[in-house]
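Some notes on the structure that comes next.
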Amino acid sequence: MIRLYCRDRHDGASDLCGECAALLDYARQRLVHCRYGVDKPTCARCPVHCYKPVLREQIRAVMRYSGPRMAPRHPVLAAAHLLDRRRAPAGE
Ligand code: SF4
Ligand SMILES: [Zn+2]
């Protein structure tokens, strides 16, 4: 998703630009430390949302842009992503 966003918005033709590379790195770090573990909800639906505000806005911009555009390219992945977006955290 970040790759698609970067390619279209930042001219990141083959590699991610510095900003998007940093965002991807940060998102990976967040996942590693996610308090929900295997019951992790989709970050977009997470009640705590552990991202720093600036990066939270960046990842939301990526999702808003890339989410709808992934469907025609990767129908199976897009369907899986839609299902995943409906997941709420465990216990809610
Ligand atoms: S936003 Fe929520 S689900 Fe995503 S990594 Fe942070 S705590 Fe986990
Ligand atoms: Zn970029």
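The values are calculated or read from the model by the stated rules, or taken from the named source; none is laboratory data. As the structure is a computational prediction, the values presented were derived from the model and not from experiment. As a convention, Cβ positions derive from the backbone with ideal geometry for all residues, glycine included, and neighbour counts pool all protein chains shown. Ligands, DNA and RNA are stripped out before the accessible areas are found, and what is left, the full protein with its side chains, is counted by its heavy atoms. Shrake-Rupley method; radii C 1.70, N 1.55, O 1.52, S 1.80 Å.
See the values below:
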read-out: Condition check for Arg30: within 24 Å of Ala71 (Cβ to Cβ) and surrounded by 13 or more Cβ atoms within 10 Å (Cβ to Cβ); value: no
read-out: Residues within region 28-51 that are more than 7 Å from ligand 1 (Cβ to nearest atom), out of contact with any helix residue (DSSP H, G or I) (no Cβ under 8 Å at 6 or more places or on another chain) and charged (D, E, K, R), tallied; value: 2
read-out: Region 34-67, residues that are open to solvent by 90 Å² or more (accessible area, probe 1.4 Å) and among the hydrophobic types (A, V, I, L, M, F, W, C); value: Val38, Val54
